[in-house]
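The values are calculated or read from the model by the stated rules, or taken from the named source; none is laboratory data. In this text the structure is predicted, and so the values were computed from the model without any measurement. Here Cβ is always computed from backbone atoms with ideal geometry, including for glycine, and neighbour counts include all displayed protein chains.
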Amino acid sequence: MDIRALEVFCKIVELKSFSKAAEAVYLTQPTVSGHIKGLEEFVGLKLLDRLGREVVLTKAGEVLYGYAKQVLALRNQALQALEEYKGSLKGHLIIGGSNIPGEYVLPALLARFKAQYPEIYITLRIGDSRDIARGVLEGTYELGAVGAKFDDGQLVYTKLLEDELVVALPADHGWAARPAVALAELFGQPVILRELGSGSRKVLEEALRSAGLDTSALTVVAELGSTEAIRQAVKSGAGISVISVRAIQEDLDRGTLRTVALEGPRLTRDFYLIYHKVRSRSPLSKTFATFVLNSLGSIRGKES
């Protein structure tokens, strides 16, 4: 089985397009089509279907895609191990980050790591915590940074930082001058939530359940797929939200958003660096994980 064909196959799946995949791997579209034809002939099964302009996996393609990602990851690990043996650190590392660590914590660390190891290349993909955890389980990412734990038994969770969730309000909201509000008062407000699977939503729902409150009774005016979208929606006056204070610090400094404390225990959650418990990890993955943990360890010390 041609490993280049597997690489082309995975790129088509990820981009859902033969033409976009051809551009991404620097091949002509006929060459890309030839790789897929050869791969399908080799396995004796159809792997991809074209539905209009979109390309989707067949059932056989789904099976192969899972293994193909593992094969490509193992190839990268082998190349990185050889570079390490030669005394250098090179290669491509793909990591996943949920919204807060992915958008507000990791980018600065990536820049510092890249300055230290200029020959490495890192791809950071953003998703909700559940999607990132699933990606690490499936081998899409060697490392992930998430804001929630899931009972899968196959992932190792190492604490990065603590995050506090606060009630974010439009600047002219009537609660802006109040010192605190009760959890039950959220039920009288238009509320903007993250989508199911996000760490922040999981923390809020657990807090409501612990207080004997029914999450489904909230007046939810929108479910949005990113923290940035929620920031903008709250600033526009669409509603209030429970959100990471790290994500809105700039808005608080500018006065474009306000916060109010919730009565009772603080709503906090931990960010975790995760990796697969059994699957082998590349030297680049291990070096980056150590770098991140050491870097954030000094921040934890300052915040404690």
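Can you confirm whether the stretch 285-303 contains a residue that is at pLDDT 90 or above, out of contact with any Ser or Thr (no Cβ under 6 Å at 6 or more places or on another chain) and acidic (Asp, Glu)? No - not one qualifying residue is present in the stretch 285-303. Among the residues making up the stretch 1-33, none is polar (S, T, N, Q) and in contact with a Pro (Cβ under 9 Å, 6 or more places away or on another chain).
Is it fair to say Glu223 is within 24 Å of Thr256 (Cβ to Cβ) and in contact (Cβ under 8 Å) with a residue 12 or more places away in the chain? Considered against the rule, which asks whether it is within 24 Å of Thr256 (Cβ to Cβ) and in contact (Cβ under 8 Å) with a residue 12 or more places away in the chain, Glu223 comes out as yes. Restricting attention to the stretch 99-145, and to residues there that are among the hydroxyl-bearing types (Ser, Thr, Tyr) and modelled with pLDDT under 90, which single residue is surrounded by the most Cβ atoms within 10 Å (Cβ to Cβ)? Of everything passing the filter in the stretch 99-145, Ser129 is surrounded by the most Cβ atoms within 10 Å (Cβ to Cβ). Would it be correct to say that Glu185 is out of contact with any Phe, Trp or Tyr (no Cβ under 9 Å at 6 or more places or on another chain) and surrounded by fewer than 19 Cβ atoms within 10 Å (Cβ to Cβ)? Taking the combined requirement at face value, the residue does not satisfy it. Restricting attention to the stretch 19-45, the residues being of a type outside the set (S, T, N, Q), over 24 Å from the mean Cα position of the chain (by Cα), under 11 Å from Val8 (Cα atoms) and in a helix (DSSP H, G or I) number 7. Considering the conditions (1) on the phi > 0 side of the Ramachandran plot; (2) surrounded by 12 or more Cβ atoms within 10 Å (Cβ to Cβ), Leu27 is excluded by exactly one of them, (1). Pairing each residue of the stretch 39-54 that is assigned by TED's automatic domain parsing to the domain that holds Phe18 and under 16 Å from Ala21 (Cβ atoms) with any residue that is of a type in the set (D, E, K, R) and outside any helix (DSSP H, G or I), provided the two are 6+ apart or on different chains, yields C-beta distances under 7 Å for Glu40/Lys46; Glu54/Lys16. Here Ser198 fulfils each of the conditions (1) surrounded by fewer than 17 Cβ atoms within 10 Å (Cβ to Cβ); (2) polar (S, T, N, Q); (3) assigned by TED's automatic domain parsing to the domain that holds Ile240; (4) modelled with pLDDT under 90 apart from (1).
Helices (runs of 4 or more DSSP H) fully within the stretch 189-304 that include at least 1 residues being under 17 Å from Tyr157 (Cα atoms): 199-210, 283-303. Beta carbons closer than 9 Å, at least 6 apart along the sequence or on distinct chains, pair a first residue in the stretch 140-161 that is farther than 17 Å from Ser244 by Cα with a second that is modelled with pLDDT under 85 and among the hydroxyl-bearing types (Ser, Thr, Tyr) for Glu142/Ser282.
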